[in-house]
1. FRET efficiency for Arg137 and Phe73, Cβ-Cβ distance as r, R0 = 30 Å, nearest 0.05?
2. So for the pair Glu129, Val22, with labels modelled 7 Å out along Cα→Cβ, what separation do we get in nm?
3. Under a GNM of the chain (C-alpha, springs under 10 Å), which listed residue has the highest mean-square fluctuation: Leu11, Leu99, Leu51?
4. Whole-Hz Karplus ³J(HN,Hα) for region 101-107, in order, using 6.51 cos²θ - 1.76 cosθ + 1.60 and θ = phi - 60°, x for Gly and Pro?
5. Under the Karplus relation 6.51 cos²θ - 1.76 cosθ + 1.60, θ = phi - 60°, what is the ordered set of whole-Hz ³J(HN,Hα) values for region 89-95, x standing for Gly and Pro?
6. For an R0 of 22 angstrom, estimate the FRET efficiency from the Cβ-Cβ distance between Arg96 and Ala47 and round to the nearest 0.05.
7. If I model a spin label at Arg14 and Glu108 as a point 7 Å from the Cα along the Cα→Cβ vector, what separation in nanometres do I get?
8. Here are several values of semi-axes √(5λ) of the Cα gyration tensor in Å: (i) 26, 16, 14; (ii) 50, 34, 14; (iii) 30, 16, 13. Which one was derived from the coordinates shown?
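Where a number appears in this text, it was derived from the coordinates with a stated rule and is not lab data. Computed from a predicted structure; not experimentally measured. In this analysis, Cβ positions are derived from the backbone assuming ideal geometry, glycine residues included, and neighbour counts consider all displayed protein chains.
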Amino acid sequence: MHTALRRDVLLLDRLAPDSPAVLREHRVVDAPVEPVFARVRDHEPPAPLLLDGWQVLDVRPGREVVYRGVAGFRSPRRHLCRVTTGFSVTPYGTTRTLLTCETRLQFEDEDAFRRFRPYWRLLRPAVRELSRGTLRRIEHTVS
């Protein structure tokens, strides 16, 4: 029996559609979607030193939460970078959940991204570890 999957546009795709820098991490959690989403909804991602903090942009109940922060960097003048992070939960079999964290960076112009690229090369591994750590913490609170 073939069951069609519902393919909604992700909130993250709507709120941060064009990003030259993307980082995506997944984790399979041994728990149903509902308790995993409850933890995602109640959990704010860690704010790296460059961010002024997070603001919830949008929530799709039971499915997604999207946050946004703003970071500034100088090279040589001050540039702004919007950091948008989305968490989504998807059923994975009957008793597990695929938990995804995706971070997208958006810049005020192409020049700002070009100037930020060397920083991104240095920061990307740390951002990846922050994302993985966040997914592990969410998993451990529901497993």
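1. On the way: r = 28 Å, r/R0 = 0.92.
Calculated value: 0.65.
2. 2.5 nm
3. Most flexible of the set in this elastic network: Leu51.
4. With coefficients 6.51, -1.76 and 1.60, one gets 10, 10, 10, 10, 9, 10, 10 Hz.
5. Karplus-based 3J(HN,Hα) across region 89-95 equals 10, 9, x, 10, x, 8, 10 Hz.
6. On the way: r = 29 Å, r/R0 = 1.33.
It comes to 0.15.
7. Reported label-point gap for Arg14 and Glu108 is 2.8 nm.
8. (iii)
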